[in-house]
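Participant: Here it is, the structure in full.
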Amino acid sequence: MDPQQLATASRLANIRPFHVMELAKQAAELERAGRSIIHMGIGEPDFTAAEPVVRAAAEAMRRGVTQYTGALGIEPLREAIAGYYRTAYGIDVPARRVIVTAGASGALLLACAVLVEIGAEVLMPDPSYPCNRHFVAAFDGHAKMIPSGPQQRFQLSAAQVREHWGDATRGVLLASPSNPTGTSILPEELRQILAEVRQRDGFAIVDEIYQGLSYDGAPVSALSLDDNVVTVNSFSKYFNMTGWRLGWLVVPDALVPAFEKVAQNLFICASAVAQHAALACFTPEALSIYDERKAQFRERRDRIVPALESVGLQVPVRPDGAFYVYADCRQVNHPAAGDADRLTQAILQEAGVVLVPGMDFGPHTASSHIRISYATSMAHIEDAIGRLAKLFGR
Ligand SMILES: Cc1ncc(COP(=O)(O)O)c(C=O)c1O
C-alpha cells in the first residue's frame, strides 16, 4: 500500500513546518552549488561539548554504563543539577524534584503531557519559540498567543494574563530569556505573572534553557519565586551539547510520580551515555570553559547589536541573554523592507546570509521582524555585517 494514502491524525492540521529548517535546507543547496553561506539561522552554539565532557562520555562507554537508566535520570546527575542551582542561583532545589529528560524538547513534551488537559488553552507570548505551540497542540490543547511587543520586552505581562485568562485557560508557557528575542522577563513581572496563575489554580511552565547565557547580571529562576512552577532547562545551549539530547525539569514535589509514569512510558529514559558525560559539566574545569565561552557570546552580542542598527535593522529591545537578536526590518533600504519572508529570501540569495523571518515565531511580528542568531564566530559576524551593509547600500 502506498504510504501516501495513509490518513494522518487531524491534530496535524495545527502543526506548521519549522521554517528555519526549510531555510537551512535551501542554504545547504546553495552551498552545494559553490556559494559561500554564513549561517545565522539555527539556534545552535558553534562550540561543541567541553573536553572533560567528551572524556567522560568515552569513559562511560568503556565502562559499559550504556543501558537504560531510571526514568527520572541517574541519581548523581540529579544531585549535580540540584547542586548547580545552589552554586549558580543560590536556591535550594531538592534532587528528588529534578527529572532528567531528552533535551528541553523532551521536558516540554512531558510537561504538556502531564498538565495540558484536552481542549485546554495555554497562554504564551507572540513571538514565541515555534515548537511551544506545537507541543501544546500535540496533546490536544490550544496555544493562545498574545501579541507581546517591545514595550513589554516581547514577553507576556501579568496584566495580559489577567486580561486573557478565559474559561478554558489552564496555564502559561513562558521562556526567559526568550527565543527569538533574547529578552528576559523582569523578576518583578515574573513574580506577578506567577501570582496571577496561582490565583487561578493554573500551571506555569517556565523554559529557562537560556539562563546560563544571561549577560547583564545574575538570572532569576522562577524556582526562587514560586515552588509550584515547572521549569525546563537543557544541556544544549550553555553546555553546548545540542545533539546529545539531554535536558531537565524541576517539578513540584507532588507531581514527581505523574511525571515519572509518563516519562517511563514515553521515553523510558534519557541517553545513558549523555547522562554520565553530563556529570563532568559541573566540574570546575568544564565550568571555566563554559564561562569563557559565555563571555565570547556576550562580546558577540555587544558587537552585533550596534552593527545591525548601523545597517538599518533596528533592535527595539537590547537582548540580555541567549544568542538571538530580534530586529525590526521595516526601515532597511531594500524593496522587501517590512516583508520579512521576502527579505530573508533576498538576504539568503543575494548576500548568502541565513536569517529567520518572524513568521516562525507567531503572526504578530511575522512580517516586521527577523531573527538573527549570533551563535557563530566573530569572523562570520563581521563578514555577515559587511554583506548586509553592501546589500542595503550602507
Ligand atoms: C526556547 C527553547 N526551548 C527549547 C528548545 C529545545 O532545546 P533542546 O535541544 O534542549 O531540546 C530550544 C531550542 O532551540 C529553545 O530555543
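The values are calculated or read from the model by the stated rules, or taken from the named source; none is laboratory data. Nothing here was measured: the structure is a model prediction, and the numbers come from that model. Heads up, the Cβs are rebuilt from the backbone with ideal geometry, glycines too, and the neighbour counts pull from every protein chain shown.
Participant: Take Val161 and tell me if it is within 16 Å of the ligand (Cβ to nearest atom), outside any loop (DSSP other than H, G, I, E, B), over 21 Å from Val356 (Cα atoms) and free of Cβ contacts under 8 Å to residues at least 60 places away in the same chain.
Facilitator: no
Participant: Given the structure, is Pro180 in contact with a helix residue (DSSP H, G or I) (Cβ under 8 Å, 6 or more places away or on another chain), at pLDDT below 95 and closer than 29 Å to Tyr85 by Cβ?
Facilitator: In short, no.
Participant: What number of residues in segment 190-211 are out of contact with any helix residue (DSSP H, G or I) (no Cβ under 6 Å at 6 or more places or on another chain) and surrounded by fewer than 24 Cβ atoms within 10 Å (Cβ to Cβ)?
Facilitator: 8
Participant: Restricting attention to segment 356-374, does a residue exist that is polar (S, T, N, Q) and within 19 Å of the chain's Cα centre (by Cα)?
Facilitator: Yes, segment 356-374 contains at least one residue that is polar (S, T, N, Q) and within 19 Å of the chain's Cα centre (by Cα).
Participant: Moving to a separate point now. Go through Ala49, Ala57, Ala7 for me and flag whichever is buried (at least 19 other Cβ atoms within 10 Å of the Cβ) and more than 30 Å from Ala384 (Cα to Cα).
Facilitator: Ala57
Listed here are the residues, each with its yes/no results for (1) surrounded by 15 or more Cβ atoms within 10 Å (Cβ to Cβ); (2) more than 26 Å from Lys294 (Cα to Cα); (3) free of Cβ contacts under 8 Å to residues at least 24 places away in the same chain.
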site	(1), (2), (3)
Met21	no, no, yes
Leu30	yes, yes, no
Arg35	no, yes, no
Gly43	yes, no, no
Gly70	no, yes, no
Tyr89	yes, no, no
Thr101	yes, no, no
Ala104	yes, no, no
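Participant: Taking segment 229-240, which residues are within 13 Å of the ligand (Cβ to nearest atom) and free of Cβ contacts under 8 Å to residues at least 40 places away in the same chain?
Facilitator: Thr231
Participant: Quick one: would you say Asp227 is over 13 Å from the mean Cα position of the chain (by Cα), under 30 Å from Phe47 (Cα atoms) and surrounded by fewer than 18 Cβ atoms within 10 Å (Cβ to Cβ)?
Facilitator: Criteria not met by Asp227.
Participant: In addition: Looking at Ala71, Ala82, Ala137, Ala102 in this structure, which one is within 12 Å of the ligand (Cβ to nearest atom), over 14 Å from Ile205 (Cβ atoms) and not aromatic (Phe, Trp, Tyr)?
Facilitator: On inspection, the qualifying residue turns out to be Ala102.
Participant: Taking the stated definitions as given, is Arg298 in contact (Cβ under 8 Å) with a residue 12 or more places away in the chain and either β-branched (Val, Ile, Thr) or farther than 29 Å from Met145 by Cβ (or both)?
Facilitator: When the stated conditions are applied, Arg298 passes them.
Participant: Would it be correct to say that Val114 is assigned by TED's automatic domain parsing to the domain that holds Thr183, more than 13 Å from the ligand (Cβ to nearest atom) and part of a helix (DSSP H, G or I)?
Facilitator: Criteria met by Val114.
Participant: Would you confirm whether any residue within segment 323-341 is outside the structural domain of Asn132 (by TED's automatic domain parsing), within 21 Å of the chain's Cα centre (by Cα), within 16 Å of the ligand (Cβ to nearest atom) and farther than 23 Å from Gly393 by Cα?
Facilitator: yes
Participant: Restricting to segment 241-270, count the residues that are within 11 Å of the ligand (Cβ to nearest atom) and either more than 28 Å from Glu188 (Cβ to Cβ) or surrounded by fewer than 24 Cβ atoms within 10 Å (Cβ to Cβ) (or both).
Facilitator: 7
Participant: Now a separate question. Here are some residues: Val65, Val20, Val54. Which one is more than 26 Å from Ser128 (Cα to Cα) and in a helix (DSSP H, G or I)?
Facilitator: Testing whether each residue is more than 26 Å from Ser128 (Cα to Cα) and in a helix (DSSP H, G or I) leaves just Val54.
Participant: Are any residues in segment 212-228 in a helix (DSSP H, G or I) and either more than 14 Å from the ligand (Cβ to nearest atom) or under 13 Å from Leu174 (Cβ atoms) (or both), and if so, which ones?
Facilitator: Ala222, Leu223, Ser224, listed by residue number.
Participant: Being more than 29 Å from Arg293 (Cβ to Cβ) and within 16 Å of the chain's Cα centre (by Cα) narrows it down to one of His142, His134, so name that one.
Facilitator: His134
Participant: If you don't mind, another one. It is to be established whether one or more residues within segment 185-199 are within 16 Å of the ligand (Cβ to nearest atom) and more than 30 Å from Val65 (Cβ to Cβ).
Facilitator: Scanning segment 185-199 turns up at least one residue that is within 16 Å of the ligand (Cβ to nearest atom) and more than 30 Å from Val65 (Cβ to Cβ).
Participant: From (1) under 27 Å from Gly64 (Cα atoms); (2) within 16 Å of the ligand (Cβ to nearest atom); (3) not acidic (Asp, Glu), pick out the condition that doesn't hold for Ile209.
Facilitator: (1)
Participant: Next question, about the same structure. Would you check if there is a residue in segment 287-306 being within 15 Å of the ligand (Cβ to nearest atom), crowded, with 16+ Cβ neighbours inside 10 Å, farther than 20 Å from Arg78 by Cα and not assigned by TED's automatic domain parsing to the domain that holds Leu77?
Facilitator: For segment 287-306, residues within 15 Å of the ligand (Cβ to nearest atom), crowded, with 16+ Cβ neighbours inside 10 Å, farther than 20 Å from Arg78 by Cα and not assigned by TED's automatic domain parsing to the domain that holds Leu77: present.
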